[in-house]
Structure formats: structure tokens, C-alpha cells
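Below is one structure; the comments refer to it alone.
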Amino acid sequence: MSKPTTGKPVTPGKPVKQIHLAAHFPGVNNTTVWSDPRAGSHIEFSSFVHFARTAERAKFDFLFLAEGLRLREQGGEIYDLDVVGRPDTFTVLAALAAVTDRIGLTGTINSTFNEPYEVARQFASLDHLSGGRSAWNVVTSWDAFTGENFRRGGFLPREERYSRAREFLSTANELFDSWTGDELVADQATGVFLRDARAGAFRHTGRHFDIAGRFDVPRGPQGRPVIFQAGDSDEGREFAAADADAIFSRHSTLDAGREFYADVKRRLAHYGRTHDQLLILPAATFVLGDTDAEARELAHEVRRQQVSGQTAIRYLEHVWNRDLSSYDPDGPLPDVDPDTTEHTIARGRASVRMFRDPLATAREWREYAEAHKLSIRELIIEKTGRQSFVGSPATIADSIDAFVQADAADGFILVPHITPGGLDGFADTVVPLLQERGVFRTEYEGTTLRDHLGLYHPRTAADPERRADAERLADAGQRADAERLADARARSLDGRAAS
Amino acid sequence: MSASPSASASPLHLAVALDGAGWHPAAWREPGARPNALFTAAYWAGLVAEAERGLLDFVTFEDGLSLQSSHPTAADERTDQVRGRLDAVLVAARIAPLTRHIGLVPTVVATHTEPFHISKAVATLDYVSSGRAGLRVRVSARPHEAAHFGRRTFPGVGEGGVIPPELAADLLDEAADHVEVVRRLWDSWEDDAEIRDAATGRFVDRDKLHYIDFEGARFSVKGPSITPRPPQGQPVVAALAHGPAAYRLVGRSADVGFVTPHDTAGAEAAVEAVHAERTAAGRADDPVHVFGDLVVFLDDDAATAAARRERLDDLAGTAYASDARIFTGTAVQLADLLEELSAAGLSGFRLRPAVAGHDLEGITRGLVPELQRRGLFRSAYEADTLRGLLGLARPANRYAATA
């Protein structure tokens with residue numbers, strides 16, 4: 001899959017890994033700085049158009065939209081310090097398909113508060129309407145809090161969320177594969193519209209879904225949308241190794257990244273999949289400056305914008321699970337210990353689950369703050385959401401390339417902190433440097449997102465041929481053969497699709 | 001208000017109902033039908049651009065959660081008609097950035113969808129179209145469609161296609177609840193809820209975000225929406241109605257009702273029924289448009305149109321039947337008919353082109369100029385939003401404190 005390099009050579013003899021880059025529309029959390037004078041609307045379509053066109057101009061692989069299905073609350077009230085609200089994911093992506101040509105369109109869609117038939121027809125429709133650029137970040141949820149917005153409610157027991165998610169995805173795949181792609185004849189002379197009277201027929205009987213009938217959207221250009229998975233737990237990693245095309249991970253330091261990368265890629269063989277069939281794409285923030293020193297200064301300023309005194313107190317409440325509004329953010333950490341009973345203070349956000357042992361976290365933070373003489377706000381600035389890449393364009397290009405060549409990632413999903421212009425500088429200054437090095441495309445080579453990501457187009461139901469090949473070759477450790485075969489197959493499939 | 005029963009000289013509103021290659025089952029076999037393009041964005045963009053060229057108020061996009069069928073309540077296995085379609089909300093969204101004035105009204109099946117998702121999807125369609133979104137709500141009693149979801153069954157619905165009246169009434173009541181939730185969610189953010197107040201660090205004024213606390217027979221929804229109030233405040237809600245239970249849904253929930261009268265008396269009765277239901281629902285002051293639905297075969301002379309209809313019927317193997325009146329003739333004759341029916345109180349028409357690739361142009365290039373000559377149709381778009389085109393004011397927010 002390696003491409004001719006156009007820039008300066010890297011270590012002779014070692015193939016250059018191509019970097020994948022994606023753009024995460026700034027989200028509903030304190031990474032997004034809304035108080036900056038340059039910050040625009042996060043709802044108006046013009047912001048999405050600007051952001052998507054910038055990413056496409058820079059030849060990014062795809063655009064990424066997150067989702068949350070209930071406004072976050074803290075202390076029983078809607079949380080008002082961060083950006084609040086977002087548009088509907090599918091609708092924005094379909095509209096963006098009209099104003100872009102090549103960039104992939106990735107939507108986060110929940111498998112708990114949807115039904116497979118509806119989601120599958122939405123993704124298949126998006127794939128048709130975008131010419132094969134759709135991708136689905138499959139997320140799960142169990143909380144009754146979010147469930148209060150849905151007719152199905154929040155009945156899902158926590159331990160079943162992955163089981164439902166996996167069955168949801170496999171059911172959706174059965175629906176995507178219920179059309180093989182050659183049913184449409186539409187011969188006006190003979191009057192045959194469909195070749196197969198049972199096109200789209202499916203039956204799924206499982207623990208979570210018992211459905212049957214006929215799927216009503218013919219096979220899209222990609223066959224199936226590209227599948228992303230974002231969970232980091234053991235279950236999440238297995239889910240990804242079994243079923244995902246890419247992981248949206250959170251490990252953005254080199255060591256943690258390499259460990260995660262190796263761990264997840266190791267799991268692939270068990271599922272008969274090869275090393276290159278699952279891409280590891282961590283989320284990453286960045287702060288660009290003309291010089292490294294200027295970038296560091298800017299980064300500090302951005303952190304202060306992201307973490308106001310109020311935000312610091314609210315964040316500390318996630319760990320303490322208590323109302324800490326009487327504390328001074330410029331003062332020391334609370335002496336009182338976290339409340340370790342059921343978490344009640346913050347609802348509708350994923351981050352509270354990061355602190356599995358709040359007592360230990362509190363102890364560690366207190367010690368750290370005392371040792372470095374930090375206030376609550378300074379500690380939170382230090383301990384949360386540190387920027388991944390800070391520096392001049394050359395420094396950032398170096399770091400990104402180093403991460404990818406060291407197998408800490410296959411690329412990054414960049415999360416700018418300003419809507420909608422936060423990607424502009426990166427597109428203008430960092431991307432050309434990566435292109436000069438020969439590690440990032442200068443033009444799109446294919447039209448679908450699967451093309452951009454080097455994933456081949458799945459054919460029908462279980463892809464038995466492909467899976468058997470992968471299994472055999474992976475077992476024999478013949479990775480090069482597997483690659484060659486995958487390439488050959490992808491080419492032959494593309495030929496088929498074009499005919 | 002233009003929506004009250006109108007004098008015959010009032011301008012008419014015109015919409016077109018888009019469905020695959022057209023409403024006749026053999027439409028895809030006509031020259032110009034482009035059956036191979038039905039699943040491409042370009043096909044739909046072309047149709048909507050043509051409708052916009054004709055200054056139409058809006059287009060609707062048919063949809064359902066199962067393959068099309070020649071049977072009213074069961075699947076078929078026919079291979080000689082168009083089968084398969086794209087999600088209507090996504091088609092509308094895909095077309096929105098390519099158009100400027102025309103309203104975009106996708107069909108949504110209330111029976112199997114989450115009102116929370118539908119509300120934010122249509123609100124977002126309103127954002128990406130700068131205020132041109134609507135939704136046409138429908139119900140489904142098809143057992144095979146319910147089996148795609150596996151959460152309910154309709155055992156009373158027979159192979160004969162008969163839907164028990166109590167089931168129909170129940171589904172329509174549920175649809176009214178669905179629309180109620182969708183509408184409350186649109187209002188769950190006041191227009192000025194986003195304050196971006198750097199001084200206090202608050203992005204929103206949380207007093208201007210509202211729980212909707214809906215509790216109905218089939219579902220409860222808490223709110224608020226995750227999407228701020230859309231540009232129109234309340235996008236336009238439409239529904240097709242053939243009888244008393246559906247007239248009730250229109251009266252309770254809709255801004256536009258599509259009815260299917262076959263003559264002036266039928267039109268008068270439908271208009272009267274809708275307005276009676278509107279009054280009964282306590283909405284006597286809310287304008288509700290009643291549009292007549294017609295299937296149209298339009299040609300330069302009536303004989304050609306009739307011959308084309310016959311040819312299509314031959315291809316289909318059976319004479320085309322419809323819930324709506326089927327018009328076959330010239331633009332002048334159709335203009336006469338619309339004028340006559342509008343005198344009965346219809347404020348507009350939703351025309352269903354028998355062949356999209358032919359009869360849509362018959363409407364935009366034949367009927368529209370004829371109506372313009374008679375002073376019955378706009379000669380330029382007079383508003384930027386769908387509500388504006390329909391003469392509907394931007395409604396106040398039900399949750400906003402009145403000063």
C-alpha cells in the first residue's frame with residue numbers, strides 16, 4: 001500500500017507509513033473555547049461548511065462528529081459553562097455531502113437509543129448520497145438519564161451495553177449485506193427493475209433483536225460504512241478487534257499509544273484479521289505557533305481559557321462527587337474526601353467514569369498540588385486535557401510523523417479548540433510539511449472513505465473468502481502476502497464496482 | 001390570514017410530491033425517467049432544482065420503513081416496479097445546500113421512530129436550509145414493517161389490507177403525541193438561550209432551556225432538545241388525511257393537511273372537517289392550510305396525455321388507481337380544475353407527477369405559467385422561509401415568559 005515518496009527520505013530500507021488525518025468538529029466540552037473572539041457558531045451550517053472544506057482542502061481522510069443525546073447536567077442543573085447544543089449528526093453529514101467531494105463523513109451514532117433497521121437505512125442512504133464516504137462511530141450508553149429522552153427508555157443494564165452494541169452492529173451488517181449490489185437492472189425495455197425478487201431479505205434472531213423482512217436501501221458504494229469504535233475497556237478493545245475498521249482512541253502519549261496499538265493489533269489475529277484491517281486513530285489537540293516558544297505560550301493561554309475558575313471547581317466535583325461551589329478556585333484543594341457512594345453530581349458525560357478510584361485520585365492530586373504549590377485551577381489545568389501537540393509547524397509535523405512511524409498510531413483525529421477556523425492554520429502550515437516528507441497524500445487517490453483509509457470494500461454477508469484468506473495468512477505470519485492479496489482483491493472489487 | 005377559506009382570486013400554493021420515478025408504477029419505464037439514477041443525489045437534486053425553477057412552495061419526499069409494495073398492508077415480491085429508496089430526511093438535507101427558496105418536506109413514520117431524533121433532525125434540516133424545513137408525518141399499520149423493528153405487532157391487520165378502525169385511530173393518536181413532542185422540543189430552547197456571556201462564563205442562560213416533560217400513552221420524553229430552536233421556530237408539519245381520524249390529526253397537529261377530494265363537494269367537506277377538528281383542538285386561531293392532492297398526467301394536448309396514461313397502464317398490466325383524483329390533460333385544463341377546487345376552500349395543491357421526469361416539467365413549465373397568467377401564482381419567491389411562503393408567521397415560543 002506504500003506510495004511513492006516525494007519528500008526527503010526516511011531511514012533507508014524502512015517503508016514509510018502513510019499518515020491518516022481527520023478533523024473532529026469542536027465538541028460539547030471544555031476543550032472548545034467559545035469565549036475567544038474568533039469563535040463562531042457551532043450550530044449554523046456555515047460553520048460546518050467552513051470546517052469541512054478546510055479539512056478537504058488539506059486532503060484529510062474524514063470529518064468526525066461526536067454526539068450526546070441529553071444536555072449534560074451537574075448538581076441537578078443544565079451545565080452552562082461549556083458549549084451547549086449540537087445539530088443532528090446524520091442531517092449535517094448529508095448536507096455536507098453536497099458541499100464536499102471527497103472527504104469522509106463520520107458520525108457518532110448510539111446503539112442503545114436507536115434501532116438497527118433505521119440506523120442501517122440512514123447509513124446506507126448517506127453512503128449513496130455521499131458517493132461512498134460514510135462512516136459510523138458506534139457508541140453505547142446505558143444510562144437512564146439519557147433514556148428519559150426516548151420512547152424505549154433507559155432500561156439497558158450497564159453490563160449489557162457491549163452485548164447490545166455488538167449485536168446491533170452485526171444486525172446492521174446483515175442489513176447492509178442483504179443487498180449484494182447487483183440486483184438493480186432497471187431495464188426499461190424488458191421491464192425488469194430488480195433481478196432478485198427477494199433482494200434485501202433478512203432474518204435476525206438474537207438476544208437483543210428479533211427482526212425479519214426486507215431491507216429497503218440497495219447496497220451503497222462502500223457496501224458498509226467504515227466502522228469506528230471508541231471504547232477503551234477490555235470489552236471495547238475486543239469489540240474493535242472483531243468488528244471495527246478504526247479505533248478512535250484516547251491514548252495520545254507515545255508510550256501509552258504504542259502499548260495500546262500493540263495490544264489491539266495483537267487481538268486481530270484471533271478474529272482472522274490482518275494488521276492493516278484496523279486503524280488506530282487517537283484524538284489529538286494541537287496548538288500552533290510561529291516558534292515553539294510562542295506555541296508554548298499560546299498553549300498556556302488556551303488552557304486558561306479552557307479552564308476558568310468555575311470550570312475547575314465543576315471539574316473537581318466530578319472526582320469528589322460533591323458540591324464544591326463554596327471553594328475558592330485560586331485556593332488549595334478540599335480537605336474533605338470524595339463521596340464514593342453512587343455518582344450523582346454530574347450526568348450525561350463520559351468523563352466521570354474515568355475516575356474509577358476517586359479516593360486515590362484525590363490523594364494523588366492533593367499531594368501533587370502541595371508539592372508544586374498549585375491552586376485548584378492550576379491543578380486542573382495541569383491534570384486535565386493537556387494538549388497533544390504544541391509547537392511550530394515543523395515541530396508538530398515531526399511529532400506526528402514520529403508517532404506514526406513508531407507505531408503509536410496510524411494517524412490522528414485532530415480536535416481544534418476554535419469553531420470553525422481552528423483547523424485553518426494546521427491545513428496551511430503543517431500539512432504541506434507532511435506532504436513534503438512523503439507521509440501524507442497530496443491528492444485524493446480514490447473516491448470513497450475506504451479508499452482513503454486503505455480498507456477494501458466488503459462484498460457480501462460473511463465475506464467468507466476474505467476471512468479465510470486473512471486467517472490462513474495471518475496464522476502463517478505472511479503479512480506481506482496478506483497485503484498483496486488484499487490489494488489484489490480490492491483492485492478486482494473496484495473493477496467490479498466500476499463496471 | 002391566507003390560510004382561511006379563500007376567495008377564488010387568492011393566489012394558490014403549489015407543492016409537488018416526489019416518489020421514486022413518479023407515482024405511476026410503470027413511470028420508471030418512460031423515456032426521461034432515469035431509473036438507474038434513483039439512488040443518486042444528482043437525480044433528486046435535478047428534480048428539486050426543477051421544482052424551484054417553477055417557484056413551487058415546497059416538495060415532499062415520500063418514505064416508508066419497508067420496500068414499496070403493490071399491496072396496502074403486505075410486502076410483495078414484484079421485480080417489475082421500483083423497489084428501494086433512500087431515507088427522505090437525508091435526501092432533503094443533501095438537497096438543501098443546492099437550493100435557496102423551496103421548502104423541503106420529508107416524510108417521517110411516527111409509528112416506529114423516536115420523536116427526539118425526528119425533532120432534532122428536522123430542526124437541523126431547518127438550519128442547513130436556512131428555514132425551509134418541514135415534515136410530513138404518517139403512520140404505518142403494516143405488519144411486515146413492524147417486523148423490521150420487532151417491538152410491536154398488528155395482529156388485527158389482515159391479508160386483505162383492512163386496517164381495523166380502532167387501530168388506525170390509535171396509531172393516529174400516537175402520531176399526534178409524536179408531533180406534540182417534536183414541537184415541544186423545537187420550543188425547548190428559547191431563541192435567545194445562547195448568551196456566550198464571557199463575564200459570567202455562562203454559554204447559555206439555563207432559565208431559557210426547558211424540560212418538556214411529555215407523558216403520553218405510548219412514551220414519555222424529558223427534554224430539552226440537544227438542538228437549539230430552529231430558524232423557523234416551528235418547521236412546517238404536514239399530514240395526508242382521507243377520513244375523520246386523520247382529519248383529526250391534521251386539526252390537532254398540522255400546519256398543512258393534504259386531502260384527496262374528487263370533486264368540489266368533496267373538497268368542501270374535507271376543508272370543513274379539517275377546520276372543525278382544528279377548532280375542536282383549540283387551534284381556531286392557528287392557520288391551517290388544506291391542500292388538495294392530485295395525480296397528474298400533463299401533455300400539450302389531452303389526447304396525448306390520455307394515450308400516455310394508457311401506455312403506462314399497459315406496461316403495468318393494470319389500470320392505475322389512486323387515493324387521489326387522477327387528472328389527465330393539458331396545463332390549461334388543470335388550471336381550470338385547480339381554480340374550481342380552490343373555490344371550495346382549498347388554499348393549495350400537492351401535485352403527484354405520474355412520471356417525475358415528464359410531469360414535473362409539465363407543472364413547472366406548463367401549469368405554473370398558466371396560473372401566473374391568471375394571477376393565481378407568484379412570479380418570484382416572496383420569502384426566504386417555508387413558513388414565509390405559506391403566509392405563516394414565526395410562532396412565539398410556548399415556554400417563553402410573556403412580558
Closer than 24 Å to A:ASN114 by Cα, over 20 Å from the mean Cα position of the chain (by Cα) and surrounded by fewer than 23 Cβ atoms within 10 Å (Cβ to Cβ): does that describe A:GLU73?
yes
Yes or no: the range B:231-252 includes at least one residue that is more than 27 Å from A:ASP80 (Cα to Cα) and in a loop (DSSP other than H, G, I, E, B).
yes
Applying the selection to the range B:30-89, what residues are at the interface with another protein chain (Cβ under 9 Å from one of its Cβ atoms), of a type in the set (D, E, K, R) and under 16 Å from the mean Cα position of the chain (by Cα)?
B:ASP87
Return the total of residues in the range A:178-211 being in contact with a Lys or Arg (Cβ under 6 Å, 6 or more places away or on another chain), assigned to a loop (DSSP other than H, G, I, E, B) and either more than 7 Å from chain B (Cβ to nearest Cβ) or open to solvent by 20 Å² or more (accessible area, probe 1.4 Å) (or both).
5
Test A:ASP143 against the criterion of being in contact (Cβ under 8 Å) with a residue 12 or more places away in the chain, more than 11 Å from every other protein chain (Cβ to nearest Cβ) and of a type in the set (Asp, Glu), and give yes or no.
yes
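Taking into account only those residues within the range A:22-67 that are among the acidic types (Asp, Glu) and surrounded by fewer than 22 Cβ atoms within 10 Å (Cβ to Cβ), which is farthest from A:ARG250 (Cα to Cα)?
Keep residues of the range A:22-67 that are among the acidic types (Asp, Glu), which gives A:36, A:44, A:56, A:61, A:67.
Still in the running and surrounded by fewer than 22 Cβ atoms within 10 Å (Cβ to Cβ): A:36, A:44, A:56, A:67.
Working: A:ASP36: 26, A:GLU44: 28, A:GLU56: 24, A:GLU67: 16 Å.
Ranking the candidates gives A:GLU44 first.
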Pair list, Cβ under 9 Å, 6 or more apart: the range B:324-347 residue touching a residue at least 24 places away in the same chain (Cβ under 8 Å) and open to solvent by 60 Å² or more (accessible area, probe 1.4 Å), other residue assigned to a helix (DSSP H, G or I) and hydroxyl-bearing (Ser, Thr, Tyr)
B:GLU340/B:THR264; B:ALA343/B:THR264
Qualifying positions in the range B:299-355 - among the β-branched types (Val, Ile, Thr) and touching a Gly at 6+ places or on another chain (Cβ under 9 Å):
B:THR330, B:VAL332, B:VAL355
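Please tell me if B:ALA175 is in contact with an Asp or Glu (Cβ under 8 Å, 6 or more places away or on another chain) and open to solvent by less than 20 Å² (accessible area, probe 1.4 Å).
Details: in contact with an Asp or Glu (Cβ under 8 Å, 6 or more places away or on another chain): no; open to solvent by less than 20 Å² (accessible area, probe 1.4 Å): yes.
Judged against the criteria, B:ALA175 is not a match.
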Pairs please, first residue from the range B:198-210 and in contact (Cβ under 8 Å) with a residue 24 or more places away in the chain, second anywhere and of a type in the set (Phe, Trp, Tyr) and assigned to a loop (DSSP other than H, G, I, E, B), Cβ atoms under 6 Å, 6+ apart in sequence or on different chains.
B:HIS210/B:TYR399
Among (1) over 19 Å from B:ASP87 (Cβ atoms); (2) within 10 Å of chain B (Cβ to nearest Cβ), there is one condition A:THR89 misses while meeting the rest; what is its number?
(1)
Within the range A:89-103, residues open to solvent by less than 10 Å² (accessible area, probe 1.4 Å) and either charged (D, E, K, R) or without any contact (Cβ under 8 Å) to a residue 12 or more places away in the chain (or both) come out as A:THR91
Show the residue pairs that are 6+ apart or on different chains and have beta-carbon atoms under 6 Å apart, the first residue being within the range B:103-126 and closer than 25 Å to B:LEU55 by Cα, the second being of a type in the set (Asp, Glu) and surrounded by fewer than 24 Cβ atoms within 10 Å (Cβ to Cβ).
B:THR107/B:GLU62; B:THR107/B:ASP63
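Considering only the range A:212-326, give the helices (runs of 4 or more DSSP H) lying wholly within it that have at least 1 residues that are open to solvent by 30 Å² or more (accessible area, probe 1.4 Å), in contact (Cβ under 8 Å) with a residue 12 or more places away in the chain and not charged (D, E, K, R).
Here the list reads A:254-268, A:292-306, A:309-320.
Pick from the range A:43-59 the residues that are of a type outside the set (A, V, I, L, M) and part of a loop (DSSP other than H, G, I, E, B): which of them is farthest from the other protein chains (Cβ to nearest Cβ)?
A:LYS59
Collect the residues in the range B:31-47 that are part of a loop (DSSP other than H, G, I, E, B) and surrounded by 15 or more Cβ atoms within 10 Å (Cβ to Cβ), keeping them in residue-number order.
Listed by number, the residues that qualify are B:ALA33, B:ARG34, B:LEU38, B:PHE39, B:THR40.
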Run B:ARG151 past the list (1) over 21 Å from A:ILE109 (Cβ atoms); (2) modelled with pLDDT under 95; (3) open to solvent by 40 Å² or more (accessible area, probe 1.4 Å) and report the number of the one that doesn't hold.
(1)
Any residue that is modelled with pLDDT of 90 or more and acidic (Asp, Glu) - is there at least one of those in the range A:371-388?
yes
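The values are calculated or read from the model by the stated rules, or taken from the named source; none is laboratory data. Treat the numbers as computed from the prediction; the structure is a model and nothing was measured. Here the Cβ is made from the backbone with ideal geometry for all residues, glycine too, and neighbour counts use every protein chain on show. We work out accessible area using only protein heavy atoms, side chains counted, and drop any ligands, DNA or RNA first. Shrake-Rupley method; radii C 1.70, N 1.55, O 1.52, S 1.80 Å.
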